[in-house]
Amino acid sequence: MAAVISEKEKAHTLLETFSTGSVFSSFGLGVFCVLVDRFLQLSFIQQSDWLRALSDNVVHGVVGMWSWAIVIGLRKKSNLWEVMVAGFFASVIDVDHFYLAGSLSLKTALHLPQRPPFHCTTLIPVVTLILKCVMQIFRLKDSWCFLPWMIFISWTSHHVRDGIRHGLWICPFGHTAPLPYWLYIAITASLPSLCSFVMYLTGTQELMSTKHGVHIDV
């Protein structure tokens with residue numbers, strides 16, 4: 001029989017979305033971004049292309065992992081793989097630098113004449129919607145309900161962080177001005193909770209609660 005989540009469990013899911021732990025985790029994410037950005041400005045990092053690129057990419061991954069951990073609440077150790085996948089999605093975007101450069105040379109990849117394709121912010125809603133349609137067609141919406149949201153959060157956190165230097169590339173309308181630093185921090189810290197709330201409204205959080213081991217009635 002199909003699983004049904006009770007009204008009590010729905011209310012519990014909503015409370016978890018804005019729980020004290022979630023609020024503190026979001027605040028901690030914002031603080032982490034401020035501190036790590038200052039660390040990345042140290043001269044020994046800025047003087048090395050490899051160290052600067054690697055550390056920046058690692059931070060993208062950590063922000064992606066942290067953001068998704070807030071969404072799922074890390075109820076079980078088995079949820080760690082989802083957090084790792086979110087970090088992978090948040091950092092793998094930068095591979096397109098080498099694709100556009102047509103070379104494995106880091107210097108060439110860092111000095112491109114234009115922004116690489118995966119850094120087009122318009123792709124985020126497009127890919128998310130396509131994924132949701134594919135999952136609907138192949139009836140994967142229950143077991144893989146988290147995937148479009150994971151990609152949305154991971155890629156958005158990456159784009160917003162890059163946006164403080166280059167703005168957002170909203171194809172076909174062009175680029176925005178660089179994002180104010182405070183706005184970058186505010187978006188990064190609040191994005192997981194905002195997405196969790198929308199996921200609750202669309203029923204995705206309920207499906208994820210079932211998948212993550214919340215008791216259900218059958």
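Values quoted throughout were computed directly from the atomic coordinates according to the rules given, and no laboratory measurement underlies them. None of the values given here were measured: they were computed from a predicted structure. Please note: Cβ atoms are built from the backbone with ideal geometry, for glycine as well, and neighbour counts cover all protein chains shown.
Might you report the magnitude of the Cβ-based charge dipole of the range 77-179 about its Cα centre, with Lys and Arg at +1 and Asp and Glu at -1, to the nearest 20 debye?
Values: 8 positive and 5 negative charges, 12 e Å.
Dipole magnitude for the range 77-179 comes out near 60 debye.
A cut-off of 5 Å between modelled amide H atoms, ignoring neighbours fewer than 5 places along the same chain, links CYS171 with THR121, THR122.
Can you sort TRP68, TRP81, TRP149 so the residue with the fewest Cβ neighbours within 10 Å comes first?
Least crowded to most crowded, the residues run TRP81, TRP149, TRP68.
Here the 3J(HN,Hα) profile of the range 63-71, calculated from phi with Karplus coefficients 6.51, -1.76 and 1.60 at θ = phi - 60°, is 4, x, 5, 4, 4, 6, 4, 5, 5 Hz, Gly and Pro shown as x. Here the Karplus curve 6.51 cos²θ - 1.76 cosθ + 1.60, taken at θ = phi - 60°, turns the phi angles of the range 130-137 into couplings of 4, 4, 4, 5, 4, 5, 5, 4 Hz, with x standing for Gly and Pro.
Suppose every Lys and Arg Cβ carries +1 and every Asp and Glu Cβ carries -1, with no other charges. What dipole size does the range 7-211 come out with about its Cα centre, to the nearest 20 debye?
On the way: 15 positive and 12 negative charges, 34 e Å.
Dipole of the range 7-211, to the nearest 20 debye: 160 debye.
Note on the range 45-89 and the range 139-203: Cα centroid distance 15 Å, given to the nearest whole angstrom. The ranking of ILE130, ILE185, ILE45, ILE70 by Cβ neighbour count inside 10 Å, starting from the fewest, reads ILE130, ILE45, ILE185, ILE70. By the beta-carbon count within 10 Å of each Cβ, the least crowded to most crowded order of LYS77, LYS132, LYS107, fewest first, is LYS77, LYS107, LYS132. Scoring 186-194, 34-42 by mean Cβ neighbours within 10 Å over their residues and listing the highest first yields 186-194, 34-42.
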